[in-house]
1. Please find, within the stretch 20-66, the residue that is farthest from W10 (Cα to Cα) out of those that are under 9 Å from the mean Cα position of the chain (by Cα) and open to solvent by 80 Å² or more (accessible area, probe 1.4 Å).
2. Filter the stretch 6-19 for residues that are of a type in the set (A, V, I, L, M, F, W, C), touching a residue at least 12 places away in the same chain (Cβ under 8 Å) and either open to solvent by 60 Å² or more (accessible area, probe 1.4 Å) or assigned to a helix (DSSP H, G or I) (or both) and give the result.
3. If I ask for residues that are more than 16 Å from the chain's Cα centre (by Cα) and of a type in the set (D, E, K, R), which ones from the stretch 6-19 would you list?
Amino acid sequence: MSGEEQNGKWAPWWIYVPVILGSNYVKQYLVEDLPVAVNAVITLVLVGTLFLIITVVYRSMRRADR
């Protein structure tokens, strides 16, 4: 185990990947007609927000276990 996994700072990768991929799939369906630059900005904001939310929820759940 790496140091990050031992201290519970980050959620496991298998939590981030399906959530981000699934939300990106839905986003592509909703904004398919927008220009590429706008789509890229939306993707970056979406991924950043989801990464933050997943990490906060994971850390709060780990703290509740202690």
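The values are calculated or read from the model by the stated rules, or taken from the named source; none is laboratory data. Everything quoted here is computed from the prediction, not taken from an experiment. Reconstructed Cβ throughout: ideal geometry from the backbone, glycine too, with neighbour counts over all protein chains shown. When the accessible area is computed, the model is the full protein with side chains, heavy atoms only, and any ligands, DNA or RNA have been set aside. Shrake-Rupley method; radii C 1.70, N 1.55, O 1.52, S 1.80 Å.
1. Only one residue fits best here, namely L21.
2. Within the stretch 6-19, the subset of a type in the set (A, V, I, L, M, F, W, C) is 10-11, 13-15, 17, 19.
From the residues that got through so far, the ones that are touching a residue at least 12 places away in the same chain (Cβ under 8 Å) too are 10-11, 15, 19.
Once the filter is applied, which keeps residues that are of a type in the set (A, V, I, L, M, F, W, C), touching a residue at least 12 places away in the same chain (Cβ under 8 Å) and either open to solvent by 60 Å² or more (accessible area, probe 1.4 Å) or assigned to a helix (DSSP H, G or I) (or both), the stretch 6-19 yields W10, I15, V19.
3. Residues satisfying the conditions do not exist here.
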